[in-house]
Amino acid sequence: MTPPDGRERRIRKLPALLVNQIAAGEVVERPASVVKELVDNALDAGATRITVDLEGGGIELVRVTDDGCGIAPEDLSLALADHATSKITEAADLDRIGTMGFRGEALASIASVSRLSMRSRRAADTAASQVEAEGERIGQVTPAGGPVGTSVTVRNLFFNTPARRKFLRTPATEQGHCLDIVETLAMSHPAIGFAASTDGKRGIDLAPGQSPRERVVAVLGAEIESQLVEVHADRFDDSRGLAMWGVVGLPSIARATAKAQWVFLNGRPIRDKSIQHAIKEAFRGLIEPGRFPTAVLMIEMDPGAVDVNVHPRKTEVRFRDQSVVHSVVLRAIREALAGADLTPSVAGIGWRGQSGHGSAGEDRAVVGVGGSPAPGGFVDYFQRQPAAPSGERLSFEAIREAVQGGSTDPAASPRAAEPGPIDQPRPAERVLQVHNSFVVTQDEQGIVIVDQHALHERVMFEDLIARISGRGGTDGQPARLESQRMLVPPVVEVTRRQLDRLGDLAPLFERLGIEVEPIGPAAVAVQGFPTFLFDREVDAGPFVKELLEKAEASEFVPGSEEALHEVLDMMACKAAVKAGDRLTESELRDLLKMREEVERSSNCPHGRPTSIRVTIRELEKRFGRV
Ligand code: ADP
Ligand code: MG
C-alpha cells in the first residue's frame, strides 16, 4: 500500500541522535528542565554545595557546579551516552530507587539538543578532565584544571531543533522557571548549600546545614513565618510506612493559584492530584473554594511502596496505596489547623491603614511557631533510616506543646494571659446580640465579634461531619443521618435529567436520610427527610429541589467525599440561624458554647470568617494608652 505522500515506507532503526532528541522532547522541555536534571545529578553525587549559573534565562547558558564525588576520566564520555547510568544495574533496582536519577538518559538527551561540556574530578584524581559534546559528536576527554566535583555547562539550548526553540518564552520567564526549580530542590535538601546567579548577579543564596524548617522559611520568606503552621505525621507505628513533615499557610495567605504548593516524595518534587485534593479538603470551610492554601509537604515512604518510574520527568508517581496517602495528608493538616488559632484579628484584616507589621505580627504570633521544633534534617533522617519506627522524632503533641507553651518571648505566646485591664478574664461571661445578627463577647485576648449565621453554620457542619463519618451500627457500614418519615410527602417537580440521576444519587441520599420516590415522568415525592433538618424547620420540598438542581448542574460525583461535603454544607447553611433572627439569652450562650467546642471555628463552610477579634492591645493603641 502506498502512503498518501507517495513515498515508499520502510522500517528502519532511527539514528542515535534522533532517538536522543525524541527522548529530550520528554525530559528537556525548557532551560528549567536542564537545571533540574543537572541539580539532580549533583545531589546524587553527594554534593554539599551546588551552584547554578544562568545566562539569557538559561537559554544561552546553564552551568551547574558541585563538590560531589566526581566522575572517573574513563567514564566521562560514557556519562553522555544514552542509557548510561551508575545508579541502577538490574530491573529489581527499579523497585527501590533511592537516587533522584536512574534512567541514564538526561545527559545524553541534553547533549543532543545543546552544546554541552563537562568537567569533573574525583578526590583521588590529581587533575580534572573534561569532555565536550555537540549534537551527535562527543569529543575527546582531555585533562583540565579544576577542583574536586563536577561542572556541567549547557549552551545554546535547542540550537539544532529550531521548532523546540520557538516554544521557549522570554528569557525573563525562563529564568523564573529555572530559579523556581532551584528553590524547589533546595527545600527538600536543607543540608546542602545552594547558590544561583543570573547573568552574573547573585539570585539565590542558601547556606548549607539548615534545618528543614529554616530552609523552607528561607525560601518562602521570613515575613510569612508567623503565618505558617507545622504539619506532622509520624505514622510509622501503624505500619503504613509513611511519615510527613511540612508547613501550611494560614487561610490569610492562600493564593489564587496552586503555585505556592510543594509536595515532595522522598526528596523528589512531585505533582499528585490526590494529594492536592487532600490539601484542599483539609482547608474546606477555611478558605474560599477558588483559592489555594500555601503548603510545603515532605512525605517519606518506603521506596517499594511507590513507583517513580511513571514519567520521564519523574514528577508523577504511582502510590501502591493512594488512599492511605490521601488520608494521612488530610488528617495531619486538619490536626495542625485545629491546634492553631485561626481567628483573624482586626489589625490583621485591614480595618485600618496598616501601620507597619508590628501589631499584626503580634496577633498572628498565636499560630506562629517559635524556634525550630524539628531539629535535624527531616529528609536526612529518613535517608538514613527509610522506614523505621522513630524515637528521635518529635510527636505531634510534643510539638504542639512546644509551640503553645515553650516560648519565652511574650509576643510569641499570647496564650499566656498578659496582665491587662481585665485581670480575671472569664470567657463568654457577658453576651450581647447586635442588630439581631452579630454576637459580641470577650475572651482572654479581647473582644470577639461573632457572625451568628456563619458560626452556627460552621457548628452544624462540624456536627454533621462528625455524625456521618463515624461507623454506624454493628454492620460496620458508614453512619447515616437519622431520618424521619413525612406525614404528607411534599411533591417536587423535576426534569428528565434530574430523574435520570436519582439512581446515582441513591446511596448518597440514603446516607443523608433523604428518601425520594419518583411519582410520574416529571415529579418525585419526598418520603423521608433528616430529622435534624426537620427539627430546624427546613422545608423538605425546596431543599430536595435545590439538591437535585445542584446534582444536575455539576461536577459533583455521587459517592465522592466532596459530594457528601457539598450536601452537608448545604444542610448546615439551611439549618443555621439567619442574620436577623432574634436569639434569646440562652440561645446566645448555647451558640458561644458551641463555638468553644468546635475547632477551627473562625470560618464558615464558605470560607467567610465566623468571628473576628479586637485585642486589648489593639484597643489600648486606639485609645492612645500605649
Ligand atoms: P542518571 O542520573 O539517570 O543516571 P544521567 O544521564 O543524568 O543519568 O547521568 C549519567 C551518569 O553520569 C550518572 O549515572 C552518574 O554516574 C554520572 N554523573 C552525571 N552527573 C554527575 C555529577 N554531577 N557528579 C557525578 N557523577 C555524575
Ligand atoms: Mg540524572
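Things worth noting here:
- Test: residue 150 is touching a residue at least 24 places away in the same chain (Cβ under 8 Å), near ligand 1 (Cβ under 8 Å from one of its atoms), polar (S, T, N, Q) and over 22 Å from residue 312 (Cβ atoms): yes
- Top-ranked residue of the range 85-119 - restricted to ones that are of a type in the set (Val, Ile, Thr) and touching a residue at least 24 places away in the same chain (Cβ under 8 Å), ranked as farthest from ligand 1 (Cβ to nearest atom): 113
- Residue 293 in contact with a helix residue (DSSP H, G or I) (Cβ under 7 Å, 6 or more places away or on another chain) and over 25 Å from residue 572 (Cβ atoms): no
- Looking only at residues of the range 252-277 that are touching a residue at least 40 places away in the same chain (Cβ under 8 Å) and open to solvent by 30 Å² or more (accessible area, probe 1.4 Å), we find that the one that is nearest to residue 101 (Cα to Cα) is 266.
- Checked against the criterion of being touching a helix residue (DSSP H, G or I) at 6+ places or on another chain (Cβ under 9 Å), in a helix (DSSP H, G or I) and at pLDDT below 95, the candidates 176, 203 yield just one match: 176.
- All positions within the range 287-299 that are among the aliphatic types (A, V, I, L, M) and surrounded by fewer than 22 Cβ atoms within 10 Å (Cβ to Cβ): 287
- Some residue of the range 67-76 being modelled with pLDDT of 95 or more, at positive phi and within 12 Å of ligand 1 (Cβ to nearest atom): yes
- From the options 525, 576, 563, residue that is open to solvent by less than 10 Å² (accessible area, probe 1.4 Å), at pLDDT 85 or above and under 24 Å from residue 456 (Cβ atoms): 576
- Filtered residue count, the range 529-555, keeping only those that are of a type in the set (Lys, Arg), over 31 Å from the mean Cα position of the chain (by Cα) and closer than 18 Å to residue 506 by Cα: 1
- Residue list for the range 124-141, filter: of a type outside the set (A, V, I, L, M), away from ligand 1 (no atom under 16 Å from the Cβ) and open to solvent by less than 60 Å² (accessible area, probe 1.4 Å): 135, 139
- Subset of the range 25-46 (residues that are away from ligand 2 (no atom under 13 Å from the Cβ) and of a type outside the set (Lys, Arg)): 25, 26, 29, 31, 32, 46
- For the range 92-108, the candidate set comprises residues that are open to solvent by 60 Å² or more (accessible area, probe 1.4 Å) and within 14 Å of ligand 2 (Cβ to nearest atom); within that set, the residue that is nearest to residue 35 (Cα to Cα) is 103.
The rows are residues; the columns are (1) under 20 Å from residue 266 (Cα atoms); (2) of a type outside the set (D, E, K, R).
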| residue | (1), (2) |
| --- | --- |
| 18 | no, yes |
| 33 | yes, yes |
| 44 | yes, no |
| 52 | no, yes |
| 92 | yes, yes |
| 107 | no, yes |
| 113 | no, yes |
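- Filter pass, residue 111 being within 24 Å of residue 20 (Cβ to Cβ), within 16 Å of ligand 2 (Cβ to nearest atom) and surrounded by fewer than 24 Cβ atoms within 10 Å (Cβ to Cβ): no
- Considering 167, 159, the condition of being touching an Asp or Glu at 6+ places or on another chain (Cβ under 9 Å) and either within 16 Å of ligand 2 (Cβ to nearest atom) or at pLDDT 90 or above (or both) is satisfied by 159 alone.
- Among (1) surrounded by 21 or more Cβ atoms within 10 Å (Cβ to Cβ); (2) within 21 Å of residue 183 (Cβ to Cβ), the one test that residue 243 misses: (2)
- Put simply, of 183, 230, 223 the only residue that is surrounded by 18 or more Cβ atoms within 10 Å (Cβ to Cβ) and assigned to a helix (DSSP H, G or I) is 183.
- Residue in the range 587-607 that is modelled with the lowest pLDDT, counting only those that are within 20 Å of residue 443 (Cβ to Cβ) and open to solvent by 60 Å² or more (accessible area, probe 1.4 Å): 599
- Taken over the range 82-91, the criterion of being more than 13 Å from ligand 2 (Cβ to nearest atom) and hydrophobic (A, V, I, L, M, F, W, C) is satisfied by 91 alone.
- Residue 582 surrounded by 16 or more Cβ atoms within 10 Å (Cβ to Cβ) and charged (D, E, K, R): no
- The residue of the range 39-64 that is farthest from residue 168 (Cα to Cα), among those that are within 8 Å of ligand 1 (Cβ to nearest atom) and open to solvent by less than 10 Å² (accessible area, probe 1.4 Å), is 47.
The values are calculated or read from the model by the stated rules, or taken from the named source; none is laboratory data. Note that the structure is predicted; figures quoted are calculated from it, not measured. We place every Cβ from the backbone using ideal geometry, glycine too, and count neighbours over all the protein chains shown. In case anyone asks, the SASA skips ligands and DNA or RNA and just uses the protein heavy atoms, side chains included. Shrake-Rupley method; radii C 1.70, N 1.55, O 1.52, S 1.80 Å.
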